[in-house]
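A quick write-up on the structure given underneath.
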Amino acid sequence: VIPLAEAQSHVVGRVKPLPPAECDISRAAGLVVAEAVVAREAVPPFTNSAMDGYAVRAADTEGATEEIPARLFVAGEVAAGDVPAGDVPPAGAVRIMTGAPIPPGADAVVMVERTRPDGDHVLVNTAAERGDHIRSAGDDVRPGDEVATLGEQLSPARLALLVSVGCATVACHPRPRVGVLSTGDELVDPGRALGPGQIRDSNRPMLLAIVEASGFAAVDLGHVGDDEAALVEHLEGAVGQCDAVITSGGVSVGAYDVVRNLLERVGDVRWMQIAIKPAKPFLFGFLHGLPVFGLPGNPVSSAVSFELLARPALRRMAGHPDDALHSPRRQAVTDVDLPRHSDGKTHFVRVVVAEGDDGRLHVRRPAGGQGSHQLSGLAHATALAVVPDGDGPTAGEELEVIVL
Ligand code: AMP
Ligand code: MG
């Protein structure tokens, strides 16, 4: 039995980031940037109006008020997308729309709300200052600015920024394609009637959903019985189609734990027993170069095992930096006793947490039954409380939690 940290560093250490590729910018949200991006263009690309109004020479409006407005000749109009037809002459103005280029000669924009039309003139009832409502070329981004950093995950706003400086593609690590395969003779697909001794394959939809929610691309590989030939066929079918495979079931010490039996024989794998509860057995390694994560079959164990071991490694494959692989742990205070017995393991207790009025995160209660088969507790949980070996924390004590 090995400590969790050892298992985590083993798994994370054996995978590599997927080779970067140029990705279409419109499909790059959520991907990790493989090369810093430096702007070659300014944003805005030209000096333009921040308001609908009139482009003027500020000096021409000096002293203008509601009672004694400045009267300026309207020399033309410029809309967004137009090129100004001419200068703003002295004592003149050009009607201008938001986003339109500032015509030569103008050094301020007066918002339309501070003006009144007067035939072919306009009455301006405020004194403009130079630069009023003008957005200068490059006031957002200047050529040479770094607009995306190596290792960052592309947010929608970051995508828009890259588009604004003219990027059509961006060098990113591809989204890992993660196959999910259930194993067990007892499993039936969701929606089917149960025969004697059968249960529904709840792990597969759960893991497919967790994979997607983690930002990876899920590939449904179906389920196989406890049959080595079928398992080999499914796993080999995934080579080329997936960047990694997650199996559930068959990695324990039972007579029909075929995932372990098979992969220990034909794969390059390590079977582990980890000092945690739930999710003690775990297997990781390669079959024909394909990373395989063998999660235990009990549903809660599967979910916890994914959280602690598979996701960090898959995040590494997705290009996330080493300090951003593991789920963050937060300090919390428990409102209730969380008793346990010493067994040499760290327990990951399914709990309900809430922000307290004291600004601290509180563990309110266990989320339900703590058996590794009891999905209702997991479904109610908003966090995993990390309970180290010992008698468990009592009400008022601090502990770490992983918010789900
Ligand atoms: P195993 O790890 O194969 O020994 O399975 C441990 C427990 O998890 C058994 O009670 C299985 O029936 C159950 N189990 C295995 N696979 C699944 C699955 N895909 N969905 C729900 N329960 C499962
Ligand atoms: Mg099984």
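Taken together, the values in this text are just the output of simple stated rules run on the coordinates, not laboratory data. Quantities reported herein were computed from a predicted structural model and do not represent experimental measurements. Virtual Cβ from ideal backbone geometry, glycine too; neighbours counted across all protein chains shown.
Could you calculate, for the stretch 99-145, the ratio of the Cα radius of gyration to the Kirkwood radius, expressed as Rg to Rh? Please report the intermediate quantities before stating the final value.
Details: Rg = 13.9 Å, Rh = 12.7 Å.
Reported Rg/Rh, Kirkwood definition of Rh: 1.09.
Relative contact order of the chain: what whole-number percent is it, with Cα pairs under 8 angstrom and at least 6 residues apart?
Working: 963 pairs, mean separation 62.6, N = 404.
15 percent.
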inquiry  = From the mean inverse distance of alpha carbon pairs (Kirkwood) and the Cα radius of gyration, derive Rg over Rh for the stretch 295-344.
reply    = 1.09
task = Quick one: grab Rg to one decimal and Dmax as a whole number for the stretch 294-404, Cα atoms only, in Å.
result = 14.4, 42
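If you take the beta carbon distance between H373 and D82 as r and set R0 to 60 Å, what does 1/(1 + (r/R0)^6) give as a FRET efficiency, to the nearest 0.05?
Values: r = 68 Å, r/R0 = 1.14.
Efficiency, rounded to the nearest 0.05: 0.30.
Calculated from DSSP H runs of 4 or more alone, at -39500 (n - 2.57) each and per residue, what is the 222 nm mean residue ellipticity of the chain, nearest 500?
Details: 8 runs with 71 residues, N = 404.
Estimated from H runs of four or more residues: -5000 deg cm²/dmol.
I'd like the FRET efficiency for F46 and D118, computed as 1/(1 + (r/R0)^6) with the beta carbon distance as r and R0 of 30 Å, rounded to 0.05.
Working: r = 30 Å, r/R0 = 1.00.
Result of the calculation: an efficiency of 0.50.
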note = So the angle from the long Cα axis of helix 4-14 to the longest Cα principal axis of the chain, reported in degrees to the nearest 10, equals 70
ask   = Taking 0.36 nm per residue of separation and subtracting the Cα-Cα distance, what length does fully extending A230 through E129 add?
value = 28.6 nm
message = I'd like the FRET efficiency for V239 and D389, computed as 1/(1 + (r/R0)^6) with the beta carbon distance as r and R0 of 56 Å, rounded to 0.05.
response = 0.90
Overall dimensions of the stretch 1-115 as given by Cα atoms, namely Rg and Dmax in Å = 27.1, 88
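Which order do peptides 205-211, 298-304, 192-198, 251-257 fall in by mean Cβ count within 10 Å, highest first? Let's see the in-between values first.
Numbers: 205-211: 19.7, 298-304: 24.9, 192-198: 8.6, 251-257: 16.9.
Top of the packing list down: 298-304, 205-211, 251-257, 192-198.
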request  = At 7 Å along the Cα-to-beta-carbon direction for both Q273 and R142, put a label point, then send me their distance in nm to one decimal.
outcome  = 6.4
key: For the stretch 232-353, Kirkwood radius (reciprocal of mean inverse C-alpha pair distance, Å)   = 15.9
request  = Could you tell me which of rounded, prolate or oblate describes the stretch 104-217, using a ≥ b ≥ c as the square roots of the eigenvalues of the alpha-carbon gyration tensor, with rounded for a/c under 1.5 and, failing that, prolate when a/b is larger than b/c and oblate otherwise?
outcome  = prolate
message = Suppose we look only past 12 Å in the calculated P(r) of the stretch 313-374. What percent of the Cα-Cα pairs does that tail hold?
response = 77
ask   = If you wrap a convex hull around the C-alpha atoms of the chain and split its volume per residue, what is the figure in Å³?
value = 203
ask   = What residues from the stretch 329-354 fall in the zone where the backbone N is under 16 Å from a label point 7 Å along the Cα-to-C-beta line of E398?
value = 329-335
key: Extension gain from T98 to E212, taking 0.36 nm per residue of separation minus the Cα-Cα distance   = 37.0 nm
